[in-house]
Amino acid sequence: MNEHKDEVFEELRRLYPAAAPELHFSNPYETLVATILSAQCTDRRVNQVTPAVFRDFPDVRAMAETTPEILHEYVKSCGISKKAANIVNACRMICEKYGGEVPHTMEELTALPGVGRKTANVVLAFAFNIPAFPVDTHVFRLSHRLDLSQGGTPDKVEQDLCAIVPKEDWQDMHHRLIFHGRRVCHAQRPDCARCTLCPFCPWPGKNGPEPDAASPRAGA
Ligand code: SF4
């Protein structure tokens, strides 16, 4: 564990005081759909397709009544052809089992098609304001490089982060790690020369051309 973790968190707070989701959504249904679409896709791309999706399928019931083939035409630029089927089938299940209301427990969410622990944590945190620490590809990579966790899976990294970050800071610190991963600590060629976390970063590959040692295994 990084003996300078407190300095790391303090610097992340200073760098990104107003960390917030970059995906656009305004209710639990939209959060679920946008997050499923964001797997292995950029937030920017998802934000380009969701206005039309939410216009034509404004709620769980409307989505449950369409077909994967129709939805696919809206979301095909987000990759992974199964995403449309997962969204439609998840909404059908929500109608059948939960009266059209997106559930708000980890167990119920991860029983939905296409919803893994990361997606469920995003929905819990940002749709229901339930403390959660989603671990995506950026959080996983930065946690390893900064030695906040050496967990081999996103679930283990999540456990480690939850143990060292105050609960009230989980959501914000999730965003701060993502912001830093997108802007500075890229998977390939991290910009260590302009990284103000450098004094506290023990990663042996920093400042060098070493390929990404901590490849993510982020869940859905
Ligand atoms: S010093 Fe380099 S590897 Fe370490 S956090 Fe900064 S950008 Fe990432």
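The values are calculated or read from the model by the stated rules, or taken from the named source; none is laboratory data. The structure displayed is predicted, hence computed values, not measured ones. Glycine also receives a Cβ, built like all others from the backbone with ideal geometry; neighbour counts cover every protein chain displayed. Just so you know, the surface numbers come from the protein's heavy atoms only, side chains and all, with ligands and any DNA or RNA stripped out. Shrake-Rupley method; radii C 1.70, N 1.55, O 1.52, S 1.80 Å.
Is it the case that segment 160-170 has a residue that's open to solvent by 10 Å² or more (accessible area, probe 1.4 Å), within 13 Å of A20 (Cα to Cα) and more than 16 Å from the ligand (Cβ to nearest atom)?
Of all residues in segment 160-170, those open to solvent by 10 Å² or more (accessible area, probe 1.4 Å) come to 160, 162-164, 166-170.
If we keep only those that are within 13 Å of A20 (Cα to Cα) as well, we get 169-170.
With the extra rule that they be more than 16 Å from the ligand (Cβ to nearest atom), the set shrinks to 169-170.
Yes.
Within segment 123-145, track down each residue that is touching a Gly at 6+ places or on another chain (Cβ under 7 Å) and open to solvent by 10 Å² or more (accessible area, probe 1.4 Å). Quick ask: steps written out before the conclusion?
Narrowing segment 123-145 to residues touching a Gly at 6+ places or on another chain (Cβ under 7 Å): 138, 141-142.
Result: H138, single match.
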### Summary
Given the conditions (1) over 27 Å from W203 (Cβ atoms); (2) buried (at least 20 other Cβ atoms within 10 Å of the Cβ), every one holds for T110 apart from (2)
### Task
May I ask you to list pairs of residues, at least six apart or on different chains, whose Cβ atoms are under 9 Å apart, with the first in segment 172-200 being farther than 12 Å from R13 by Cβ and among the charged types (D, E, K, R) and the second being open to solvent by 30 Å² or more (accessible area, probe 1.4 Å) and near the ligand (Cβ under 8 Å from one of its atoms)?
R183/D191
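Considering only helices (runs of 4 or more DSSP H) fully contained in segment 106-162, which possess at least 3 residues that are in contact (Cβ under 8 Å) with a residue 60 or more places away in the chain? Can you show your working first?
Details: elements: 106-110, 117-127, 137-145.
The qualifying helices (runs of 4 or more DSSP H) are 117-127, 137-145.
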### Task
Working only within segment 153-212, note down all residues that are of a type in the set (A, V, I, L, M) and touching a Phe, Trp or Tyr at 6+ places or on another chain (Cβ under 6 Å).
V157, L161
### Message
Condition first: closer than 24 Å to F25 by Cβ, more than 14 Å from the ligand (Cβ to nearest atom), modelled with pLDDT of 95 or more and part of a loop (DSSP other than H, G, I, E, B). Can you find one or more residues in segment 206-218 that meet it?
### Response
no
### Query
Looking only at segment 39-81, which residues are free of Cβ contacts under 8 Å to residues at least 40 places away in the same chain and part of a loop (DSSP other than H, G, I, E, B)?
C41, T42, F57, P58, T66, T67, G79, S81
### Summary
Restricted to segment 57-97 and to residues being more than 14 Å from L37 (Cβ to Cβ) and of a type in the set (K, R), the residue least open to solvent (accessible area, probe 1.4 Å) is R92
### Query
From the residues in segment 171-192 that are assigned to a helix (DSSP H, G or I) and open to solvent by 40 Å² or more (accessible area, probe 1.4 Å), which one is farthest from the ligand (Cβ to nearest atom)?
D172
